[in-house]
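In what follows, a structure is listed as C-alpha cells, so that the remarks can point back to it.
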Amino acid sequence: MKTPFGRRGSMQVDRGDLAFNGIVFLILFILFLCIAYPLYFIVIASISDPLLVSTGGIILFPRKVTLDAYRKVVEYREIWIGYRNTLFYTAAFTALSVFMVMTAGYGLSRRNVPFQKYIIAYMTFTMFFSGGLIPTYLLMRNIHLEGNPIIIILMGCVSVYNIIIARTFLHSYVPEELFEAALIDGSDHLRYFLRIVLPLSPALIAVMVLFSAVAQWNQWFTALIYLRKQSQMPLQLVLRNIIVNSQEMLRQMEGVGVVQDGGDKGQALLLVNSMKYAVIIVSALPVMCLYPFLQKYFIKGVMIGSIKG
C-alpha cells in the first residue's frame, strides 16, 4: 500500500527541493573556499621557498619546503617582546572586562532596578555614537594615560554589546525565585552573585572570555595611537610593522644580527616577506588553541543570550 510518504514510508523529495538544496550547498561550498583558501595559502607560503611565493609559484601545494622563516621569527627579539606584552594585556583586559560585564549584566537583570530601560537605552546609544578619535586622544593625554601601557587594558574593557548579552542571559536563565530563596536564607546581593549566579553561568562566562580575549589579542590600533616605546608594543602591532614596512624590518633585523649585513639584500628581503606568513601563524596559534575548549559553551551561551527577556 502506498503511503503519503512513499511506498516504503520515506518522505518523497521534490526535484525542485533537490535543485534548491544543491544550489545552496554549492554557494556555501564556494564561500567556504573563499574563506579557507587564504588561510591555507598562509600556511603553505610560510613553509615554501620565498622566491616561489613572491613570483606566484605557490598555488595549492608547498614547494621547496623550508623552515627558514620560522627560524628567523624565533631569532627576532621584537616578536617575543610583543608576545609577552600581548599575553599580559590580554589576560588583564579579559579579567577586567569579564568582571565589569558580569557585574553590570547582573545589576541590569534585576527587575526592581529603577530607570532600567533608560539606563539600557543610554548604554545602547554609545554603541552608535562616540566622541571620536581626537576628543578621546585629548582626554587620554589630559589624564596622563598617553604612553602608559595601562591604557591598553582600560580602553574598551566595558563592552555594551557583551553587557546586553549578559543581562539577557541572566534575566532569562537564572530564575527570580532563587534570589527570593537566597534572601530568606539571609543572603545579600554579593553572596548571591558569587555563590549562585556565577556557578550557574559557565557558558556565559566562557563566551565573555572568548569575546574579550579575541578582541584584545587582535587589537593594535589603540597601541598605535597611544604607545610610544617599542618595548610596550603588542604582538599585533609588531606584525603590522612587518607587513607594512619590509625595508624597515630588514634594517631592524640587520641591527640585531638576524639577517647578516652586507649579504644578498634581495634574498634577505624575500625572507622578510616570507616571515610575514610565519608571524601570522605564530600570532594566531593561542586563539586557535583556546577556541576548541570554549566552542561548546560558545554556541549555548550565544543562543541563550539571544532570547528576549
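So that you can scan it fast, the table gives a plain yes or no per residue for (1) surrounded by 10 or more Cβ atoms within 10 Å (Cβ to Cβ); (2) in the same structural domain as Gln230 (by TED's automatic domain parsing); (3) free of Cβ contacts under 8 Å to residues at least 24 places away in the same chain:
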{"position": "Leu26", "(1), (2), (3)": "yes, no, yes"}
{"position": "Phe29", "(1), (2), (3)": "yes, no, yes"}
{"position": "Phe32", "(1), (2), (3)": "yes, no, yes"}
{"position": "Ile42", "(1), (2), (3)": "yes, no, no"}
{"position": "Val53", "(1), (2), (3)": "yes, no, no"}
{"position": "Ile79", "(1), (2), (3)": "yes, yes, no"}
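Determine whether the stretch 133-143 contains at least one residue that is exposed (fewer than 14 other Cβ atoms within 10 Å of the Cβ) and within 23 Å of the chain's Cα centre (by Cα). Yes: one or more hits. Counting only helices (runs of 4 or more DSSP H) that sit wholly inside the stretch 47-150, those with at least 2 residues that are closer than 30 Å to Arg228 by Cβ and of a type outside the set (Ser, Thr, Tyr) are 68-75, 77-109, 133-142.
I'd like to verify a number: residues in the stretch 151-166 that are in a helix (DSSP H, G or I) and touching a Phe, Trp or Tyr at 6+ places or on another chain (Cβ under 8 Å), how many? So the count comes out to 5.
For the stretch 155-177, the tally of residues that are out of contact with any helix residue (DSSP H, G or I) (no Cβ under 6 Å at 6 or more places or on another chain) and without any contact (Cβ under 8 Å) to a residue 40 or more places away in the chain stands at 3. Of the residues making up the stretch 195-205, those that are farther than 18 Å from Leu108 by Cβ and at pLDDT 85 or above number 2. Per this entry, Glu146 is counted among residues that are charged (D, E, K, R), under 20 Å from Phe221 (Cβ atoms) and either in contact (Cβ under 8 Å) with a residue 24 or more places away in the chain or out of contact with any helix residue (DSSP H, G or I) (no Cβ under 9 Å at 6 or more places or on another chain) (or both).
Take the stretch 90-104 and flag every residue that is crowded, with 20+ Cβ neighbours inside 10 Å and of a type outside the set (A, V, I, L, M).
Thr90, Phe93, Thr94, Ser97, listed by residue number.
The values are calculated or read from the model by the stated rules, or taken from the named source; none is laboratory data. Every value quoted in this text rests on a predicted model; they were computed, and no experiment measured them. With ideal geometry, Cβ positions are generated from the backbone for all residues, glycine too; neighbour counts draw on all protein chains shown.
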